[in-house]
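Worksheet: one structure, shown below.
The values are calculated or read from the model by the stated rules, or taken from the named source; none is laboratory data. Quantities reported herein were computed from a predicted structural model and do not represent experimental measurements. Reconstructed Cβ throughout: ideal geometry from the backbone, glycine too, with neighbour counts over all protein chains shown. All accessible areas refer to the heavy atoms of the entire protein, side chains included, with ligands and DNA or RNA removed. Shrake-Rupley method; radii C 1.70, N 1.55, O 1.52, S 1.80 Å.
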Amino acid sequence: MNEELYEKYFTNRLSREEAENLKTLLKSDAKAQEAFVAYLMEWELMGNVARQFLLKDNVKNKLKAQSQKHRPLNTKALRVAAESVRRRGKRKNLKSVGWLRFLVLPIAAAAAFMFFFHLHNLRTSKIGQVALAAEVVGLSGPVELVREAASVPAQVGMRVLQGDELKTGAAGRANLRYPDGTTIELKEESNLALLKHERAKRLALKRGDIFADVAKQKPDESLTVVTPHGEATVVGTQLKLAVAKEFTRLEVTQGKVRFVNLDNKYVYVESGNYAVAATGVELEVKPIVVARAKATPVPVKERYEAIEPVSGAPKELMLDLGGDVKMELVLVKAGEFDMGSNDGEENEKPVHKVKISQPYYIGKYDVTVAQFRAFVDAAKFQTIAEKQNKGWTVKDGTWQEVSGVNWRNPGFKQEDNHPVVVMTWGDAREFCKWATKATGRTVRLPTEAEWEYAARGPKSLKYPWGDKWEGIMANVADASLRRAGFNMEWGEIKEDDGYPFTSPGGAYKNSSWCGAYDMAGNVWQWCQDYFSDKYYGESPVVDPQGPANGDDRVRRGGGWASAPGSCRSARRHKLYHCDASTGFRVVVECGSSRHP
Amino acid sequence: MSVPRLNPRTRDEIIKAVFQYQDAMLSHAFVLLRDWAQAEDVLQDAYLVVMDKWKDFQPGSSLYAWMRQIVVYKAMQVRRSRAAGKVATVDEELLTVVARTVENRLDEKMAEIQQTTHRVLQECMAGLGAFSTGLLTEFYWQMRSCEALAKTHGRSVNAIRLVLSRLRMQLRECIKRRLNTEGTRL
């Protein structure tokens, strides 16, 4: 009987009368006290362990995906990128104590000990405090400085002391600089605290992203970044540290970094290696497999051939879009499959044999926000939604055309590795044209046949992973979207992936036979073809290119607001405008020109 | 197998030791906040405090009590900020009684038992099917009521209660059996 009372307490459903009963019980009944604590312990253990079981697979999948690809690290909630460069000799270090060091030189050996002792005290007291404070050197949007529970708007020139905390809003960014030249860029919706320490810089990133360029630190005064999964100690190396919700990944490109996880196990990660800290995952050092980008621009031909040998087509292709932005593609071998479905919509009939005569590469993931930004920045491009200052998104539980919605602001938060959305077919085509120029390869949208073949493979599977729908395999309209207020007409979906809207590419273990992810769910993907519901009755067998003309273009795959039925690989859909659940992926033709 | 009494002195030892109380600390935060996400945030904040102020810990005193103090303080801070500007809906007296009960009863020894049980429970839960694990997660972690679960799974409320009750019994038995095998008694 009491268990029900306890349960109601934990789920916040106690009536006033029940609350009184519980109080009386806990005040006077030792057995009830004991039972309550046992119930609490059991609740904590059951919830925690059961959750770990469900998370374990998810985390492992994500880690596997991370280890197989080279791109800005996966981020759902938190991401740190810290770079410490070994060129500190050239830097002027710590001006405020420089003159003291200069004075030390002529001191006689007999007095040296006393002086050093005095110097040490000075440095760790007043001067140390100055050296360990940072200055705000750049701001955009709303940024808040919190000091001793008081909060003020941050301003350029303001000093950020140990114990202070900086919070950026949705459109806020801040740049900090330490006296030794270390700079930190705090990105949107981030929360960074400067922890108190006598000698060293210690930072705690609770949420959001930072990018740090860290000057060389003394061995016993290393800079430490504390994250929810552990901490990385930086002495003078080049590294990247990325924190996602469930794990932290450290990549080292120069030197050596000590990496400690929450179990207090640590490893030294040396140049060319990475390690991941996550609950239930062994902390170990592994080599970074994919070649890193070179610092200086490399001719298109060279940078492409460095990855793809001239003879034979490798399974993966990496396109360099410039500015350290890359795009991974996977090989789709030539072959045959049964296109369409006799069980689906009328426009999917009849099932017909299609032959793909040439191999091609298809995007391993949908085109991401970062990749699209590289295009927009380089080409000074404006999407249709930006020009019209409106786009379709989910608002108040339904689809609406909303003012100000575009790929930068689709109506929900997007990270760099989320698929770009709110773009027309024409916007996607412009991206392809630019990417063709930028990479020297023929980059374009897939034909409907190419898309379906990449999703279903020679066995013509119903979904990318098989013939049976599995809710955990794709980002569709689920409980998380319902929680976000979306009115789902097709009823309750019990899965809750925590992604109400788009998810990062590779977040689901749903790769198709050729290794392409999110061919079902996440975002609809534009195809090259015009849409015609009669086309399957007349399409050629070999490399169908779609009707010669039409009003709408085809989109495929279903999105985050779709019902499972829309994620069947044979499902066809048409669209004219653009919306927040539509993105695209590209194909690259094998053997296309390697010259710009 | 009992966790040996801890008497850490160095920073590394202290950090290692506090993680051995993870479950109990989460319980201390959760019982006050009744929100897992906030309780985890509190625990994370408390770890940051420990990493920063480990020198404040007096060797020989109870690390558990020190850590609990930090966690409870942080949880109260969160509760206060959560309540700021809102009409009081929480029975403060009830929370005080609950906090006192847990503080008195969930001591270091119980924390050790909880930690040991955690390990054994992992092994026991590995024997459950996906539906059972999912149901436990929904109930205990997502804190969905039996009524909501009944609706989701198309069963009656009583059926859900029965399934949960059987799962609890099954897991309790499994834990007892395994601990007995290992020579540890709850």
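Cα gyration tensor of the stretch A:348-473, axes a ≥ b ≥ c as square roots of the eigenvalues: rounded (a/c below 1.5), prolate (a/b > b/c) or oblate? Because a/c hits 1.5 or more and a/b fails to exceed b/c, the stretch A:348-473 counts as oblate. Using a cutoff of 8 angstrom between alpha carbon atoms and counting only pairs six or more residues apart, the relative contact order for chain B works out to 26 percent. Of the chymotrypsin sites (Phe, Trp or Tyr not before Pro) found in the stretch A:521-596, those that fall in a DSSP loop while having at most 12 other beta-carbon atoms within 10 Å are A:Tyr576. Amide H to amide H, with H built 1.01 Å from N, A:Gly404 comes under 5 Å of A:Lys390, A:Gly391, counting only residues 5 or more places away or on other chains.
Given axes a ≥ b ≥ c from the Cα gyration tensor, I'd like to know whether the stretch B:93-176 is rounded (a/c under 1.5), prolate (a/b larger than b/c) or oblate. Oblate is the answer for the stretch B:93-176, as a/c is 1.5 or above yet b/c matches or exceeds a/b. Along each principal axis, taking the top coordinate minus the bottom one, the Cα set of the stretch A:486-581 gives 42, 31, 21 Å in descending order.
Does the stretch A:421-578 come out rounded, prolate or oblate, given a ≥ b ≥ c as the square roots of the eigenvalues of its C-alpha gyration tensor, rounded meaning a/c under 1.5 and, failing that, prolate meaning a/b above b/c?
Details: a/c = 1.61, a/b = 1.47, b/c = 1.09.
Taking the square roots of the gyration eigenvalues as a ≥ b ≥ c, the stretch A:421-578 is prolate.
For the stretch A:395-489, the carbon plus sulfur part of the accessible surface works out to 47%, probe radius 1.4 Å. Amide H contacts under 5 Å for A:Asn475: A:Asn522, restricted to partners 5 or more places along the chain or on a different chain, H placed in the peptide plane at 1.01 Å from N. Its alpha carbons give chain B an Rg and a Dmax of 18.7, 55 Å. Coupling constants for the stretch A:148-162 follow from the phi torsions by the Karplus curve (6.51 cos²θ - 1.76 cosθ + 1.60, θ = phi - 60°), and in residue order they are 6, 6, 9, 10, 10, x, 6, 9, 4, x, 6, 8, 9, 9, 4 Hz; glycine and proline get x. Taking B:His118, B:His28, B:His153 in turn, the Gaussian network model of chain B (Cα-Cα springs below 10 Å) assigns the largest fluctuation to B:His153. In this structure, B:Lys16 and B:Ser156 have a Cβ-Cβ separation that, at R0 = 41 Å, corresponds to a calculated FRET efficiency of about 0.30. Residues in the stretch B:22-35 carry Karplus couplings, in order, of 3, 5, 5, 5, 4, 4, 4, 6, 5, 5, 8, 9, 6, 8 Hz; the curve used is 6.51 cos²θ - 1.76 cosθ + 1.60 with θ = phi - 60°, and Gly or Pro positions show x. Solvent-accessible area of A:Asp343, probe 1.4 Å, all protein chains present, reported in Å² to the nearest ten, please. Counting only protein heavy atoms, A:Asp343 exposes about 150 Å² to solvent.
Cβ-Cβ distance of A:Glu401 and B:Gln142, R₀ of 45 Å, FRET efficiency by 1/(1 + (r/R0)^6): the value works out to about 0.85.
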